[in-house]
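Input: a single structure, listed below in structure tokens.
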Amino acid sequence: MTNTAYPFAQRDILNYVDGAFVAGDVHFDNVNPVTGAVAARVSQADQALVDRAVAAGRRALKGPWGKMSQAERCKLLVRVAEGIEARFDDFAAAEIADTGKSLHQARTIDIPRGAANFRAFAAMAEARAMPSFRTDLPDGRSAINYAVARPLGVVAIISPWNLPLLLMTWKVAPALACGNVVVVKPSEETPSTATLLAEVMDAAGVPPGVFNLVHGFGAASTGEWLTANPDIDAITFTGESATGGAIMRVAAAGVKPVSFELGGKNAALVFADCDFDEAIAGTVRSVFSNCGQVCLCTERIYVERPIFERFVKALAERAEALTIGDPWSGADMGPLISRGHRDKVLGYYDLAREEGATVVTGGGVPSFDSALDQGAFVQPTILTGLGHDARCVREEIFGPVCHIAPFDTEAEAIELANDSDYGLAAAIWTRDVGRAHRVAGQMETGIVWVNEWFLRDLRTPFGGMKLSGIGREGGEASLSFYSEPTNICVKL
Ligand SMILES: NC(=O)c1ccc[n+]([C@@H]2O[C@H](COP(=O)([O-])OP(=O)(O)OC[C@H]3O[C@@H](n4cnc5c(N)ncnc54)[C@H](O)[C@@H]3O)[C@@H](O)[C@H]2O)c1
Ligand SMILES: O=C/C=C/C=C(\O)C(=O)O
């Protein structure tokens, strides 16, 4: 049964510019991927509204926001975290209405992390230390050098649909904590929680123009109008690698700083000495969480040959036991984000067969004999038997699917994992401490988990190498990207 009591059902989703909710002349539908039903109508921001948002941000930098002390600013961000927590159920329902993600995922990851991002960066910004040096001069005198940080200014934030609130606030929170103002363009697939966040900002007393929200599409639409606006000071983007390239070309004209968190084709290395049950449980999560739509999800698994057959069988059993269906029914896995994305994922399922894969389980769409058949569901899928050059082993699919291949030596496992155009995350499963550190240190990825997956400490650097991104966010890396240091040298 589909729950129709979504708070956004039939509601207009508006832009939020200069402290006011603003309708546009053009609208687009927000479709619920559980049934394909239209969940809400979204007001699209035209170029004039995007420009207004940027101008409002510029003014706000010179207003009360710009004059606020760091402590006051951080207190306000804690109020925003409390505002999200106070409307926890609304946020969860809105995220589920947009994405169809499981209730468990929304309640335990997306919404808590939305609030946690504000608390964490408020605390980190308040505690931030800047470097200082005493410099000795040849004549016996000396100088002191110390750096001070100022905001970048107006930050354009472009975010994706897979973890909408989590990934947007991962950028909004540090940007505001560093004293910037933001103009946010969430994915056209997931406008709802961003709009709820605007309500929370409004209620918390965040001054007009500090948080601006514009809805619309990417190329030749709201996203591009925002990134091309000459009066923005920086662009931070999470999404596909190809989109990152397109944004970079636009950013080049104004030499704008960019921070990019992009795609992945993440490997798991499973050694024969691992805790088998933990490795299976962790890999079930890392392949199928959020229907495989997390940039960090594992899509390539390399298993040491002595346990290869046993691993494939156990993972397939666990995949087949996952319940698929309406998030409100408590199903483990909801639909993909859209029918369009389902076509892409099913295209890869077909391609895998053409490339000679063995489909161990899944490979198609589930049947419900209900309204859910109009949704965007796919089966969790496990592939084996492909060569390392197969497109299904090299390209990001972004669905509940993995390919499993055997390896014989540690060196071979490292080489296979690193032979990728992407470099976001890796997971290593072993009980040999020396091997864990040795292999982890050789991964060409920004993030390595050992005997874990997606355990996040927000103070740590997060991001990818190669096609997976430019720069890092998290902890000091975020504070550094979202501010401009000035070094002051004083001769004594
Ligand atoms: N590395 C990370 O931290 C991370 C996190 C989450 C998702 N991702 C990646 O994101 C992808 C899934 O998200 P998606 O499909 O929403 O990505 P996407 O690149 O299609 O869209 C992301 C955002 O960019 C906007 N956009 C698209 N074209 C644009 C353009 N030319 N100019 C300005 N804005 C534009 C979209 O409207 C959307 O808001 C996957 O590749 C995934 O791996 C990476
Ligand atoms: O889909 C990608 C997930 C990214 C996760 C984070 O950015 C995070 O946990 O901070």
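A short reminder: the numbers here are calculations on the coordinates, not readings from a lab. Quick caveat, the model's predicted, so the values are computed rather than measured. Methodologically, a virtual Cβ is constructed for each residue, glycine included, from the backbone with ideal geometry; neighbour enumeration extends over all protein chains shown.
Quick one: go through region 305-320 and flag any residue whose amide nitrogen is under 14 Å from the point 7 Å out along the Cα-to-Cβ line of Thr361. Within reach of a label on Thr361, which here means backbone N under 14 Å from a point 7 Å along Cα→Cβ, region 305-320 contributes 310-320. Each residue in Tyr16, Tyr302 was given a count of other beta-carbon atoms within 10 angstrom of its own, and listing them fewest first yields Tyr302, Tyr16. Under Stokes-Einstein, with the Kirkwood radius over Cα pairs as Rh, the value for region 244-293 at 20 °C and 1.002 mPa s is 151 µm²/s. Average projection, convex hull of the Cα set of region 449-492: 5.4 square nanometres. Here region 389-449 is treated as a Stokes sphere of Kirkwood radius computed over C-alpha pairs; at 25 °C and 0.890 mPa s its diffusion coefficient rounds to 193 µm²/s. The calculated pair-distance distribution of region 341-492 uses every alpha carbon pair, bins of 5 angstrom beginning at 0, and gives 2, 8, 13, 15, 15, 15, 11, 9, 6, 3, 2, 1, 1, 1, 0, 0, 0 percent.
Evaluate the Kirkwood expression for the hydrodynamic radius of region 267-450, namely the inverse of the mean inverse distance over all pairs of different C-alpha atoms, and round to one decimal in Å.
16.6 Å
Note: relative contact order over region 267-450, using C-alpha pairs below 8 Å and six or more positions apart, is 29 percent. Distance between the modelled labels on Ile488 and Ala129, one decimal in nanometres: 1.9 nm (7 Å Cα→Cβ projection). For the Cα trace of region 6-108, dividing Rg by the Kirkwood Rh returns an Rg/Rh value of 1.05. For the chain, the spread of Cα coordinates along the three principal axes comes to 68, 67, 40 Å, biggest extent given first.
Beyond a 19 Å Cα-Cα separation, which of these cross-linked pairs lie in this structure: Lys265/Lys466; Lys185/Lys256; Lys265/Lys344; Lys185/Lys265? Display every interim value, and only then the final one.
On the way: Lys265/Lys466 11 Å; Lys185/Lys256 17 Å; Lys265/Lys344 16 Å; Lys185/Lys265 26 Å.
Among Lys265/Lys466; Lys185/Lys256; Lys265/Lys344; Lys185/Lys265, the Cα-Cα distance tops 19 Å for Lys185/Lys265.
With a 10 Å Cβ neighbour count serving as the proxy for reagent exposure, in which order, fewest first, do Arg249, Arg119, Arg431 appear? If you can, show how the numbers build up before the last one.
Values: Arg249 10, Arg119 19, Arg431 14.
Arranged by neighbour count, lowest to highest, Arg249, Arg119, Arg431 become Arg249, Arg431, Arg119.
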